[in-house]
Amino acid sequence: MADLVSHPDEVRVVSKRFGQGAADLDRYLAFDGYKAVQKALSLGFDGIIKEVKESNLRGRGGAGFPTGMKWSFVPKESAKPKYVLCNGDESEPGTCKDRLILEHDPHSVIEGVVIGGLSIKAKVGYIYIRGEYRYLVDIMRKAIADAYARGFLGKNIFGSGVDFDVYWHTGAGAYEVGEESALMESLEGKRGVPRIRPPFPAVVGLWGGPTIINNVETLASVPHIILGGGQWFAELGTPKNGGTRLFCLSGHVNRPGVYELPLGYNLRKMIDEVAGGVWKGHKLKAVTPGGSSTPVLTADEVDVGMDFDQLMKAGSMLGSGGVVVLDDQTCMVKYAQRIMMFYQHESCGWCIPCREGTDWLKKTLNRFHAGGGVKKDIDNIQYLAENMLGRTFCPLGDAAAMPTISIVKKFRKEFEDHLEGRPCPYEKGVVEQLPVLA
Amino acid sequence: MVVSEQLDAFFTEKMKDYPTQRSFLVPMLLYTQDELGYLSDEAIAYVAQKVNLDELEIRNVISYYSMLTTKPRGRYNVQVCRNICCMLRGSDEIGAHVKQRLGIAHKGTTADGMFSFEEVECIGACGWAPAMQVNYDFHENLTAGRVDEILDQYRSKSSL
């Protein structure tokens, strides 16, 4: 389906089987398939967690939490069954990498789920794939059925005496369900409304049992860590940021697509060399480095290594690896408006700061971009967004606020320009003028 | 029965993968909708009985998920992504072109029941923008000309 791209700087670990037909089980076995899970069985749960901790693997879904540590929070003994939940509800704007993993290498995800399960002594795993990705649900259904047919799943896997079941599941359109507690609600057949924490899913998760929830890319990295060793994986990246990442390069670049690069790779180089530079000979204006929820960086701020810690230091986040490049013709007010329109649409409405905040911000930004703005709107937008930060059940409120605050702070002049050259000085003749409020 | 026997048997079997009866509800609603075109009152009553919940609770779940609909739609639902990555590469023009070509607005359906149109949020095609889905099929790196070809293909497919 989606075209694959490549660049000489790529280090292919998670993507090494892309384009190789590895969705077919025999092809997968020819590429070291299901060897990691056999090795994991011999390592035992402590051995698995040791390797994963050593690998410095951090969650690829967005938060970047150390995976080994997350798994170690699960209590050893539990009266209720434990579960592994693979989060394939990829929907953060700018992110299109899990799609490729699920299409080209579904067995690596299954293997990651089983190994994760072995590390916490669970017996069941679920792979949740967003509803829009129906063709991937079909690929996964076949992959799971094939694995059962060979005895890789089910009773007594690989003659170890251990039973492990993996099931598929699908959503029906909801960004919010990508948040871990909402994901569990959805899997339990309910509205995807987040749960209050603590207790965290590692203690009280699916159907009340201890649950580890990991992104598709995180789990697909695990078999490689088990086979290559935690230390090998750690050394691919930067300190505390092990391994490689699938970066989704999109927006105004010449060669958009998904590239696997070591963590810490320079962002400017990523744009100029890997993605072939800004399109149409335009100049760079801004970059969203980790999916729509992350604060934007200006063209002067892109000399930064793309790992969790360096981006945090630069005032943004690595997030989900969705790098969105904006050229100098882009209207930043429209960009902010478009981001807010999305979060307003996706807010589940459960808690007030997010429900009301995204709605007010959307209305204000819509009006502002359409030439109906007044000067005090600019401070109001920032004030509203800052008051959402950290005041919601789940990170959706933060996700809406963070890019907005960064755009107002870094591109205030573009907001002021909208007061001078109404409606939008950047998109002449495109935007319809709205009346200015008194 | 409202759905085919095959689908009903599939639900019965799949529900065994979960410890509670309602767990498979969200996919069940989507697969039911795929077969019937939309979630009619009869479909909701069927699902409610299947998972042993009140119809009101089923409707409560339906209203949360953006892919689920209780209103009939066209045979081909054209969903143009309007999110940032697609917007930066011209999705506004693509959306306007589809609307003009089909003569319908957001969430509208053509008089012959062939097409519906929807502007949707990120469909995970950011690296191949602008993009749209027609039912579950992805169409990427779109231009207005390409959109015309795609719509024509669906139209001729249905007349076979």
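Any read-out appearing in this document is the output of simple, stated calculations on the displayed coordinates, not a laboratory observation. Quantities reported herein were computed from a predicted structural model and do not represent experimental measurements. Quick reminder, even Gly has a Cβ in these numbers, built from the backbone with ideal geometry, and neighbours come from all protein chains shown.
Pairs of alpha-carbon atoms within less than 8 angstrom and 6+ residues apart define the contacts here; what relative contact order does the stretch B:5-62 have, in percent?
On the way: 32 pairs, mean separation 17.0, N = 58.
Averaging sequence separation for qualifying contacts and normalising by length gives 29 percent for the stretch B:5-62.
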Roughly how tilted is helix A:216-228, in degrees to the nearest 10 and between 0 and 90, from the longest Cα axis of chain A? 40
On a straight-distance basis, which lysines could pair with A:K16 in a cross-link, Cα separation under 25 angstrom, same-chain partners fewer than 8 positions away excluded? A:K35, A:K39, A:K50, A:K53, A:K97, A:K142, A:K240, A:K269
Could you tell me which residue out of B:F10, B:A96, B:N135 lies farthest along the dipole of chain B toward its positive end? Charges go on the beta carbon: Lys and Arg +1, Asp and Glu -1, centred on the Cα centre. B:A96
Relative to chain A, whose Cα atoms define the longest principal axis, helix A:396-410 and its Cα axis are tilted in degrees, nearest 10, by 40
Taking the stretch B:76-158 as the region of interest, what is the percent of Cα-Cα pairs per 10 angstrom bin, listed from the shortest bin to the one with the maximum distance? 20, 58, 20, 1
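Roughly what % antiparallel, to the nearest 5, for the DSSP beta bridges in chain B? Could the numbers behind the result be given before it?
On the way: 7 of 13 bridges.
In chain B, approximately 55 percent of DSSP beta bridges are antiparallel ones.
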Quick one: putting +1 on the C-beta of Lys and Arg, -1 on the C-beta of Asp and Glu, what dipole do you get for the stretch A:82-145 around its Cα centre, in Debye to the nearest 20? 340
Could you tell me how far the Cα centroid of the stretch B:1-52 sits from the Cα centroid of the stretch A:191-214, in Å? 25
How high is the relative contact order of the stretch A:244-327, in percent, counting Cα pairs under 8 Å that sit 6 or more residues apart? 36
In µm²/s, what is D for the stretch A:244-327 at 4 °C and 1.567 mPa s, where D = kT/(6 pi eta Rh) by Stokes-Einstein and Rh is the Kirkwood radius from Cα pairs? 107
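First obtain the Kirkwood hydrodynamic radius of chain A from its Cα pairs, then insert it into the Stokes-Einstein equation at 10 °C and 1.306 mPa s, and state the resulting D in µm² per second as a whole number. Please list the in-between numbers first.
Numbers: Rh = 22.4 Å.
Translational diffusion coefficient: 71 µm²/s.
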Report the full-extension gain for the segment A:A79 to A:D163: residue separation times 0.36 nm, less the Cα-Cα distance, to one decimal in nm. 28.5 nm
Take A:Q433 and B:T20, extend 7 Å from each Cα along the Cα→Cβ direction, and tell me the distance between the two endpoints in nm. 5.6
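Over the stretch A:107-178, calculate the relative contact order: mean separation of alpha carbon pairs under 8 Å at least 6 apart, over the residue count, as a percent.
39
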Taking Cα atoms, the helix A:332-346 axis meets the longest principal axis of chain A at an angle in degrees (rounded to 10) of 50
Using Cβ-Cβ distances only, list the Cys residues of chain B with no partner cysteine under 4.7 Å, sorted by number. B:C122
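What net charge do the residues around A:W207 carry, taking every other residue with its C-beta under 14 Å from that of A:W207, with Lys and Arg at +1 and Asp and Glu at -1? Numbers along the way, then the final one.
Values: positive: A:K80, A:K82, A:K123, A:K190, A:R195, B:R22; negative: A:E185, A:E188, B:D17.
Around A:W207, the charge tally is +3.
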